[in-house]
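Structure record follows, encoded as structure tokens.
The values are calculated or read from the model by the stated rules, or taken from the named source; none is laboratory data. Note that the structure is a prediction, hence the values are computed from the model and not measured. Here Cβ is always computed from backbone atoms with ideal geometry, including for glycine, and neighbour counts include all displayed protein chains. Side chains are part of the model used for accessible areas, which takes the heavy atoms of the whole protein and leaves out ligands, DNA and RNA. Shrake-Rupley method; radii C 1.70, N 1.55, O 1.52, S 1.80 Å.
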Number of protein chains: 2
Amino acid sequence: MPRWDTRRRAKAERIAAGRTCADDKVVDRHRLVDLLHAVIRPGDRVVLEGDNQKQADFLSRSLAGCDPIRLHDLHMLIPSVSRAEHLDLFDRGIATALDLAYAGPQSVRIAQMVDDGVVRIGAIHTYIELYARMFADLAPDVALLCAERADRDGNLYTGPNTEDTPALAEAVAFHDGVVIVQTNEIVDAEKLPRVDIPGSWIDFVVTADRPYALEPLFTRDPRRIGELDILKAMIAIRGVYERHQVMSLNHGVGYDTAAIELILPTYGESLGLKGKIARHWALNPHPTLIPAIESGWVASIHSFGGEPGMERYTAARPDVFFTGADGSLRSNRALAQLVGQYAVDMFIGSSLQIDRDANSSTVTDGRLAGFGGAPNLGHDPHGRRHPSPAWLDLAHGQGAGRRGRKLVVQIAKTFRTGGVPTFVETLDALDGGRRAGMPLPPGMIYGDDVSHVVTEEGVAYLYKAHSLADRRAALAAVAGVTPVGRLARRTEALRRDGLVAFPQDLGVDTRLATRSLLAAHGIDDLVAWSGGLYDPPPRFRDW
Amino acid sequence: MPRWDTRRRAKAERIAAGRTCADDKVVDRHRLVDLLHAVIRPGDRVVLEGDNQKQADFLSRSLAGCDPIRLHDLHMLIPSVSRAEHLDLFDRGIATALDLAYAGPQSVRIAQMVDDGVVRIGAIHTYIELYARMFADLAPDVALLCAERADRDGNLYTGPNTEDTPALAEAVAFHDGVVIVQTNEIVDAEKLPRVDIPGSWIDFVVTADRPYALEPLFTRDPRRIGELDILKAMIAIRGVYERHQVMSLNHGVGYDTAAIELILPTYGESLGLKGKIARHWALNPHPTLIPAIESGWVASIHSFGGEPGMERYTAARPDVFFTGADGSLRSNRALAQLVGQYAVDMFIGSSLQIDRDANSSTVTDGRLAGFGGAPNLGHDPHGRRHPSPAWLDLAHGQGAGRRGRKLVVQIAKTFRTGGVPTFVETLDALDGGRRAGMPLPPGMIYGDDVSHVVTEEGVAYLYKAHSLADRRAALAAVAGVTPVGRLARRTEALRRDGLVAFPQDLGVDTRLATRSLLAAHGIDDLVAWSGGLYDPPPRFRDW
């Protein structure tokens, strides 16, 4: 007689063991390590909420402090490997296998640990891909999650940084895994501002020794925006946003897209584009978008996560941001990814390296940085069916195969700081992937998905090319004097045929590309634009 | 001074007006029409939970009974237009605009109403695309949703048919819309089996006059599976599942994929494939999968929705299905779509019409059927990065653009019942789309995304073709004597090169393709396999 409830029975045993360190669901903070020893078993698959932003760091620090004799060979699922102790787990022998989506802050160390055989990588995913596998072949046994407040029944208030928590909690709670949550405080049920995740999904809550760690990853100081960024922004607005009537979009986190955000109320206004472009966004609450919001450019923003300092501002702008009945932001990375893939017309983001076929990567030598969310946002989802002017403007194919196309725009300076070319013959990722033993090169965005490339030289309308040769020539025409740009041929013909546009073709007056075009020149200006509602983190408060 | 809380103020006013018909959140059933008049305003965007399966029919019937003098020009967002009253809303002048994803059961009437100018279609979407737009440019003012039980605070238990409810509730609750939920019963909080959606997201609950409507859309009676279906199933197992080591997958709802499910424990077993293929599924709880589950083939199934009659069975198999702490199934269409796109190796589904380029459609003349979820599942998402043997087996591209590929398999008989060819020169959808004024043809799956076509003749390995001519020739080679099949050329060369395989090439003994190969011959056999846990709906109980 086969058993069909092995997971449920294991969960019951684990919970019974954990209850010895807890008062029902509430864990004694000083006994957290005991609880982890009691609940987690060697070889378990454990999802740990390192998100893009918030970090269940009390849980990760405590897990790293467990006894490797009792707890070993864990298979960790960590969306973002962001903290030193995420890797200490492997150095200490507590964990051996890792599936992840992103490792930006730890990318050098993780590469070394893979080389040394200390970390065995299952695969490197995008965020939603890693969540998805938790509902398929990577079902976790235990989840270590993070919330802002909880009640004693485990009802959770996540605050603005809801992020990955709902998807991770659902994968584990509904497949008989054990869900353990650290929270900044435990309050009475009636003092929870709202419930983001129901208590019936949660097995244990513990008050952390300090508030969970959170990094302001989406704050760009306007002072660091240079004139080339502003020129690129002007070119993008005229050559892409205006030309294709881009009403809904997603921005990356570079200084060039921050420049676009900051010249909408100046340059965009002067072109009469308000209300005609950039109305609906899938975006974290970027502080650099405040002037555009305040100037009435923005109708809605659905967010993947929050951003430190933007709490009061987002709460005060509920027509624009998604907020709960309590008034504070709710984000949701899984849903924002759906919005970014299926509801918006354009993704525009920066890249560190682009090859002549427009393949791009943010990996440079000796790092294992992962993918995050860009590959999902930066591709043309063939499962979209609703039309919009921008999407139809790039329509292609014949007969029953005819369809619109998402705008996937790469924006970059031809040379990075220090004179390093962005456009290269071969991506470093190729070599890096080979040395890390990856079965395929770790490309961030595939060139054939890229519809436009914007540089300070102009726009390459790659989607218009009818041949690979034309495609490469169009890209080369905007690649400056980089190794790729030196291959430029027939540029005048490409301009005439509309495959390439230079500033003068777009009516962009390059003399205007100065910092005076920015609606805010520093973080202090953003605070002023927000009417004092934006509270920048200390590191940005140096005016 | 601009206002930033117009939606929140409007919501407060609507709720205050609605409270006159309710005791806090609990609406007097007999005053539901009054409540709808009080809460909804002319011109509102209203999302109505017509899902693929469950229907908020008390709410839709009540809305259709409202006074068109007081309530008119509504813009309805209905994932699945499944019920007569969904369209009565338009005939009565209560609603004028419609955004939808699917209209299968009402596809003829809706086409007529569009022709007559009674319904103005915004767009036809896929399910997740429609949810996504609710977080962008289609923010609803009111949601009319459906749950199995609620408490007086609005905490919801959805039961196994969670389906679309979490995504729809989140879009509305977190953008200051009003959320009204019909429930089969209101119980004390401690009697809710679990909480699927927290009460702080919900504004009003009303006990329906009868349990919500639910259709058994995913039940296929084995008696209706013919020998050609079984032959196709054998060909698919050897030529696709076994050849590419397909471990994770999603099935459509045809009799051919039901046949695959039913010969895994017989034919699949005889080939020694148990544990080597088809372990992890994104799938509704198909009754025809019971024998494979009971035989130990299936490790996990994450479900888009539930299926009537499968409640006790899914609850008794929690190692396989996703269930809550209460023991019952939880489904989630938005997340299952992520699983289907990013975690599984293959989609296989039937099609009514396929053209020579493998474009397909389920639209035939005079219908406006919509897209549902197939376009999302039936494409190759370029945002996937983790490798698997099946995905790598279809790897393509050069250098940094090299990547794996999802298997997108179309399975079809060359001729449908009545001698109608499946493979046609021109899809009916082209003409239908043109007459409905759609800007693009309503294709279900684009031919260039299709990697394999399986018919009773054999398998066309389209992904292997290096030219369009080879691709068409490979498809023609398995298209029998249809208009497309008559174009077959160079078939022997294609077989030799592996672009086409016939049963004899795959070691498929066509003599075995009889109904005796099915692990269950009727619904009664499925009940027996389930140990009496499967409770088929009455219409299927005629043995």
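Things to note:
- Qualifying residue in segment A:298-306 (condition: farther than 25 Å from B:TYR102 by Cβ and not assigned by the TED database to the domain that holds A:HIS251): no
- Restricting attention to segment B:296-318, the residues that are at the interface with chain A (Cβ under 10 Å from one of its Cβ atoms), touching a residue at least 12 places away in the same chain (Cβ under 8 Å) and part of a loop (DSSP other than H, G, I, E, B) total 5.
- Residue match in segment A:408-425 (condition: at the interface with chain B (Cβ under 9 Å from one of its Cβ atoms) and either over 22 Å from B:ARG402 (Cβ atoms) or touching a Gly at 6+ places or on another chain (Cβ under 6 Å) (or both)): no
- Condition check for B:LEU271: on the phi < 0 side of the Ramachandran plot, more than 12 Å from chain A (Cβ to nearest Cβ) and surrounded by fewer than 21 Cβ atoms within 10 Å (Cβ to Cβ): yes
- In the set B:PRO381, B:PRO375, B:PRO387, only one residue is at the interface with another protein chain (Cβ under 10 Å from one of its Cβ atoms) and not in a loop (DSSP other than H, G, I, E, B); that residue is B:PRO375.
- Residue satisfying all of: in segment B:140-171; in a loop (DSSP other than H, G, I, E, B) and open to solvent by 10 Å² or more (accessible area, probe 1.4 Å); nearest to A:LEU283 (Cα to Cα) among these: B:ASP141
- So A:ALA488, is it open to solvent by less than 60 Å² (accessible area, probe 1.4 Å), in the same structural domain as A:VAL409 (by the TED database) and at pLDDT below 95: yes
- Screening the candidates A:ARG9, A:ARG3 for the property of being of a type in the set (D, E, K, R), within 14 Å of another protein chain (Cβ to nearest Cβ), over 34 Å from the mean Cα position of the chain (by Cα) and not in a helix (DSSP H, G or I) yields one hit, A:ARG3.
- Condition check for A:THR207: buried (at least 24 other Cβ atoms within 10 Å of the Cβ) and assigned by the TED database to the domain that holds A:ALA136: no
- Look at segment B:331-360: where a residue is facing another protein chain (nearest Cβ under 7 Å) and a partner is charged (D, E, K, R) and open to solvent by 10 Å² or more (accessible area, probe 1.4 Å), sitting 6+ places away or on another chain with Cβ atoms under 6 Å, you get B:ALA343/A:ARG133.
- Considering the conditions (1) away from chain A (no Cβ under 14 Å); (2) touching a residue at least 60 places away in the same chain (Cβ under 8 Å), B:ARG120 is excluded by exactly one of them, (2).
- Looking only at residues of segment A:17-44 that are in a helix (DSSP H, G or I) and either in contact (Cβ under 8 Å) with a residue 40 or more places away in the chain or under 16 Å from A:LEU89 (Cβ atoms) (or both), we find that the one that is most open to solvent (accessible area, probe 1.4 Å) is A:ARG29.
- Condition broken by B:PRO483, with the remaining ones in (1) touching a Pro at 6+ places or on another chain (Cβ under 7 Å); (2) touching a residue at least 60 places away in the same chain (Cβ under 8 Å); (3) open to solvent by 60 Å² or more (accessible area, probe 1.4 Å) satisfied: (3)
- The lone criterion from (1) touching a residue at least 60 places away in the same chain (Cβ under 8 Å); (2) surrounded by fewer than 24 Cβ atoms within 10 Å (Cβ to Cβ) left unmet by A:ASP67 is number (1).
- Number of positions in segment B:510-539 that are under 30 Å from B:THR455 (Cβ atoms) and either open to solvent by less than 30 Å² (accessible area, probe 1.4 Å) or free of Cβ contacts under 8 Å to residues at least 60 places away in the same chain (or both): 10
- Candidates A:LEU192, A:LEU217, A:LEU249, A:LEU228, filtered to the one that is open to solvent by less than 10 Å² (accessible area, probe 1.4 Å), in contact with an Asp or Glu (Cβ under 8 Å, 6 or more places away or on another chain) and not β-branched (Val, Ile, Thr): A:LEU249
- Candidate set: segment A:444-472, residues that are of a type in the set (A, V, I, L, M, F, W, C) and open to solvent by 10 Å² or more (accessible area, probe 1.4 Å); chosen: the one nearest to the chain's Cα centre (by Cα): A:MET444
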